[in-house]
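Report on the structure given below.
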Amino acid sequence: MDFPSPPRQQSAIHPPAHERVDESSLDYSHEPHQNLARFIVHAATPLNAEPQLPLLVEKYITPTNVFFKRNHGPIPDIHAEEHTVFIGVKQNPQYYHEASPPVEWRSLTMTDIMTKWPKATVTASIQCAGNRRDGLAKVKEVKGVIWGAGTISTAVWSGPRLCDILRDVAGIPTDLFHEMVRDFHVAFEADDHVHEDACYGSSIPLKKAMDPLGDVILAVEMNGRPLTREHGYPIRVIVPGYIGARSVKFLQNIVVQPQESSSFFQRRDYKVLPPWVNSTNVEDSWDSAASLGEMNIQSVICTPQDNEVITSSKPITAKGYAIAGGGRAIYRVELSIDGGRTWEPVDKIKQVPDKKSGMFWSWALWEKYVPRLDSNSELVVRAYDASGNVQPEEPIWNFRGVMNNAWSRCKNVIQMPQHNL
């Protein structure tokens with residue numbers, strides 16, 4: 001099949017070259033001021049912090065100042081009026097004599113991006129693939145930030161659809177059965193410096209980007225306001241239903257190409273490695289493992305918390321979140337207050353589908369009325385999605401510590417009226 005040629009070049013356009021910066025030279029002197037009083041801070045440089053779990057279930061839309069913070073390097077200070085996004089197409093080498101055909105680039109200013117295409121608004125949850133890594137670390141050594149269950153948040157994102165821009169700027173077919181759309185990938189690079197590579201990069205299948213129901217957008221707004229620096233200002237990718245690593249912040253380059261991104265974060269990270277892989281043999285295993293895309297089924301108890309003493313004899317309301325990848329709805333959530341021996345469905349599940357696509361890109365917040373807890377109670381939650389996927393009882397260990405979705409347990413919860421203390 002003939003592949004479409006990109007539109008004729010505007011001029012000899014080339015994005016700035018990304019050169020790796022030595023770790024000792026990474027500059028953290030211009031980080032934005034942030035109030036982290038309600039966060040669990042795992043690292044200050046780069047800043048990696050998750051909100052305390054009860055904060056997540058206070059509102060369906062996570063306030064921007066509560067949204068978890070994930071970084072791989074200094075937070076860049078980009079001026080929108082000077083920022084350019086470069087878009088290119090790399091044709092399949094089998095149709096060319098040279099091994100690596102050149103990329104034909106186009107460029108867009110932020111004004112172009114915000115005015116030339118309709119603004120789409122998508123409510124979507126972003127979840128780090130390492131969410132709940134602490135559960136896998138209890139099994140055996142893992143690599144990565146030892147996150148708890150708070151690296152997930154939900155926001156209202158706004159900006160043009162990526163499929164519209166790729167159609168108009170790069171000449172990408174809108175036919176989802178086209179061979180190029182079926183087989184190619186779209187790679188993203190950030191305008192930043194990171195510890196592991198020259199810049200942050202990642203990719204998704206082109207068919208996800210070009211599917212109008214996939215709701216992939218180039219977000220310039222978060223919760224009705226311009227993106228903040230820590231969340232990707234002035235522009236970021238939002239890939240609903242996928243792990244957060246694919247929603248690249250500080251976006252600078254977009255390339256449609258026959259293969260996945262060559263970035264460290266696509267090829268040597270964010271993969272579920274086999275159980276026999278550890279620190280001694282991991283370097284031989286990256287190429288044979290698939291890159292993560294869609295999130296798996298997940299649910300978590302946010303309140304009460306481990307070792308909490310409830311100083312009241314009144315009934316309590318257990319609360320938490322559940323989510324599934326690929327836009328699948330949460331079908332059922334069940335709670336046990338006796339360590340998983342008996343189960344009951346929760347009383348309330350709130351999950352809102354996208355207004356246009358009907359896909360479930362955001363989490364479900366659930367509640368369960370509990371009349372009384374025994375001493376040293378263990379609460380357990382599990383969820384089912386609309387495809388019948390259910391969480392496993394035990395953690396499935398992998399060296400990178402990703403995609404932990406075992407039953408969520410809340411242990412040693414004691415309900416004791418104050419006069420008994």
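The values are calculated or read from the model by the stated rules, or taken from the named source; none is laboratory data. For clarity, every value in this text was computed on a predicted model and none was experimentally measured. Ideal geometry is used to build each Cβ from the backbone, glycine not excepted, and the neighbour counts take in all protein chains shown. To get the accessible areas, we keep the full protein, side chains included, count just its heavy atoms, and leave off ligands, DNA and RNA. Shrake-Rupley method; radii C 1.70, N 1.55, O 1.52, S 1.80 Å.
Distance check, please: which entries in LYS116/LYS355; LYS143/LYS249; LYS116/LYS207; LYS143/LYS208; LYS119/LYS350; LYS208/LYS356 exceed 19 angstrom between their Cα atoms? In this structure, LYS116/LYS355; LYS143/LYS249; LYS116/LYS207; LYS143/LYS208; LYS119/LYS350 lie more than 19 Å apart at Cα. Here region 155-203 is assigned +1 on the Cβ of each Lys and Arg and -1 on the Cβ of each Asp and Glu. Its dipole about the Cα centre then comes out at about 260 debye. Of the beta bridges in the chain, as assigned by DSSP with both residues counted there, near 90 percent are antiparallel. When the chain is treated as a Gaussian network with alpha carbon springs shorter than 10 Å, the biggest mean-square fluctuation among VAL142, VAL220, VAL21 belongs to VAL21. In the chain, the DSSP-assigned H stretches of four residues or longer account for a calculated mean residue ellipticity at 222 nm of -2000 deg cm²/dmol, using -39500 (n - 2.57) per stretch and the full residue count as denominator.
Note on the chain: dipole from Cβ charges, positive end direction compared against GLN34, TRP407, PRO205; the farthest Cα belongs to TRP407. Remark: the chain carries 44 Å² of accessible area per residue (probe radius 1.4 Å; ligands, DNA and RNA excluded).
So how do 163-173, 236-246 stack up, highest first, on mean other-Cβ count within 10 Å? Could the numbers behind the result be given before it?
On the way: 163-173: 20.0, 236-246: 25.0.
Going by the mean number of other Cβ atoms within 10 Å, highest first, we get 236-246, 163-173.
Altogether, the Stokes-Einstein calculation at 10 °C and 1.306 mPa s, with the Kirkwood radius of region 298-420 over Cα pairs as Rh, returns a diffusion coefficient of 104 µm²/s.
Sorted by accessible area with a 1.4 angstrom probe, largest first, how do THR111, THR84 fall? Could the numbers behind the result be given before it?
On the way: THR111 90, THR84 40 Å².
Reading off the accessible areas and sorting them downward yields THR111, THR84.
What dipole magnitude, in Debye to the nearest 20, does region 282-374 give about its Cα centre under +1 on Lys/Arg Cβ and -1 on Asp/Glu Cβ? Please report the intermediate quantities before stating the final value.
Details: 11 positive and 13 negative charges, 153 e Å.
In debye, rounded to 20, region 282-374 gives about 740.
Summing Cβ point charges (Lys, Arg +1; Asp, Glu -1) relative to the Cα centre of the chain gives a dipole of roughly 1280 debye. Residues considered: PRO371, PRO76, PRO304. Largest GNM mean-square fluctuation over the chain, using C-alpha springs under 10 Å, is found at PRO371.
Along its principal axes, region 36-288 has C-alpha extents of 51, 46, 32 angstrom, given from the largest down.
With a Förster radius of 60 Å, plug the Cβ-Cβ distance of ILE396 and THR111 into 1/(1 + (r/R0)^6) and report the FRET value to the nearest 0.05. All intermediate terms of the calculation are to be shown ahead of the outcome.
Values: r = 47 Å, r/R0 = 0.78.
About 0.80, to the nearest 0.05.
Ignoring aspartates and glutamates fewer than eight residues from LYS271 along the same chain, the ones with Cα atoms less than 20 angstrom from its Cα are ASP134, GLU141, GLU189, GLU196, ASP197, GLU260, GLU283, ASP284, ASP287, GLU294, GLU394. Give the distance, in whole Å, between the Cα centre of region 135-212 and the Cα centre of region 326-387. Spelled out, the Cα-based centre of one part sits 27 Å from the other.
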